[in-house]
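Some notes on the structure that comes next.
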Amino acid sequence: LPPSPRGFPLVGNLFQLNFDAWHMFAKWKEQYVPLVHIRVAGQSILIMNTHKVTADLLDRRGPIYSDRPRFIVASEILTGGLSLVFTQYNDVWRRMRHAGHEGLNKTVSAEF
């Protein structure tokens, strides 16, 4: 994980955040690196402080982070793998998304 400011046990960095948290994020960017890791009440949060870091992680490496956990009961047993909500990010998901887009795009919705 990237460097992070020191937090408290259990609550992590919760007390360092407020409504103007972006001020704190800007300080952390200068103090640490453009990608900062914090923990808030046991939840890990990555703060991306520059456009370059954001584009690198979300645009260029997006498929790495776009997967879902495997829901055996909901996805495979109950729906037979045909529910877009529970499908993992693969060719099946891409085909289902493409088919959904064809049936639900703006022009088709207007005609309906």
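The values are calculated or read from the model by the stated rules, or taken from the named source; none is laboratory data. Computed from a predicted structure; not experimentally measured. Cβ: placed from backbone, ideal geometry, glycine included. Neighbour counts: every protein chain shown. To get the accessible areas, we keep the full protein, side chains included, count just its heavy atoms, and leave off ligands, DNA and RNA. Shrake-Rupley method; radii C 1.70, N 1.55, O 1.52, S 1.80 Å.
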Note on R70: of the conditions (1) of a type outside the set (S, T, N, Q); (2) over 15 Å from the mean Cα position of the chain (by Cα); (3) under 19 Å from L1 (Cβ atoms), unmet is (3)
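Give region 36-45 a look and list any residue that's closer than 21 Å to L58 by Cα and either open to solvent by less than 40 Å² (accessible area, probe 1.4 Å) or in contact (Cβ under 8 Å) with a residue 60 or more places away in the chain (or both), or say none.
Here is the first cut: in region 36-45, the residues closer than 21 Å to L58 by Cα are 36-39, 43-45.
Answer for region 36-45, where residues must be closer than 21 Å to L58 by Cα and either open to solvent by less than 40 Å² (accessible area, probe 1.4 Å) or in contact (Cβ under 8 Å) with a residue 60 or more places away in the chain (or both): V36, H37, I38.
From the list K52, K29, which residue is under 21 Å from the mean Cα position of the chain (by Cα), among the basic types (K, R) and either assigned to a loop (DSSP other than H, G, I, E, B) or surrounded by 14 or more Cβ atoms within 10 Å (Cβ to Cβ) (or both)? Write out each step before concluding.
Values: K52 fails: either assigned to a loop (DSSP other than H, G, I, E, B) or surrounded by 14 or more Cβ atoms within 10 Å (Cβ to Cβ) (or both).
Every option except K29 fails the conditions.
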* Asked: Among the residues of region 93-111, is there at least one that is at pLDDT below 85 and either closer than 30 Å to A21 by Cα or within 15 Å of the chain's Cα centre (by Cα) (or both)?
  -> no
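One residue is enough: does region 34-46 have a residue meeting the conditions over 12 Å from the mean Cα position of the chain (by Cα), assigned to a loop (DSSP other than H, G, I, E, B) and aliphatic (A, V, I, L, M)? Before you say what the answer is, go through the steps one by one.
Within region 34-46, the first condition is being over 12 Å from the mean Cα position of the chain (by Cα), and the residues that meet it are 34-43.
Those left that are additionally assigned to a loop (DSSP other than H, G, I, E, B): 34, 41-42.
Pick out the ones that are also aliphatic (A, V, I, L, M) and you get 41.
Checking region 34-46: at least one residue is over 12 Å from the mean Cα position of the chain (by Cα), assigned to a loop (DSSP other than H, G, I, E, B) and aliphatic (A, V, I, L, M).
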Those residues of region 1-34 that are touching a strand residue (DSSP E or B) at 6+ places or on another chain (Cβ under 6 Å), at pLDDT 80 or above and closer than 25 Å to A55 by Cβ come to a total of 2
With the first residue restricted to region 60-71 and required to be aromatic (F, W, Y), and the second required to be open to solvent by 80 Å² or more (accessible area, probe 1.4 Å) and at pLDDT 75 or above, Cβ contacts under 8 Å at 6 or more apart or on different chains are Y65/L58
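Open to solvent by 50 Å² or more (accessible area, probe 1.4 Å), in contact with a helix residue (DSSP H, G or I) (Cβ under 9 Å, 6 or more places away or on another chain) and part of a helix (DSSP H, G or I), is that true of L58?
Numbers: open to solvent by 50 Å² or more (accessible area, probe 1.4 Å): yes; in contact with a helix residue (DSSP H, G or I) (Cβ under 9 Å, 6 or more places away or on another chain): yes; part of a helix (DSSP H, G or I): yes.
It is true that L58 is open to solvent by 50 Å² or more (accessible area, probe 1.4 Å), in contact with a helix residue (DSSP H, G or I) (Cβ under 9 Å, 6 or more places away or on another chain) and part of a helix (DSSP H, G or I).
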Note on region 1-26: residues surrounded by 11 or more Cβ atoms within 10 Å (Cβ to Cβ) and outside any helix (DSSP H, G or I) are P2, P3, S4, P5, G7, F8, V11, G12, N13, L17
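Could you say which residue among A74, A41 is under 30 Å from G100 (Cα atoms) and of a type outside the set (S, T, N, Q)? If you could, list the steps in order and put the result at the bottom.
Values: A41 fails: under 30 Å from G100 (Cα atoms).
Of A74, A41, the one residue that is under 30 Å from G100 (Cα atoms) and of a type outside the set (S, T, N, Q) is A74.
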Residue pairs within 7 Å by beta carbon, gap of at least six or interchain, first lying in region 88-112 and closer than 16 Å to S66 by Cβ, second of a type in the set (D, E, K, R) and part of a loop (DSSP other than H, G, I, E, B), listed first then second, are Q88/D67; Q88/R68; Q88/R70; Y89/D67; Y89/R68
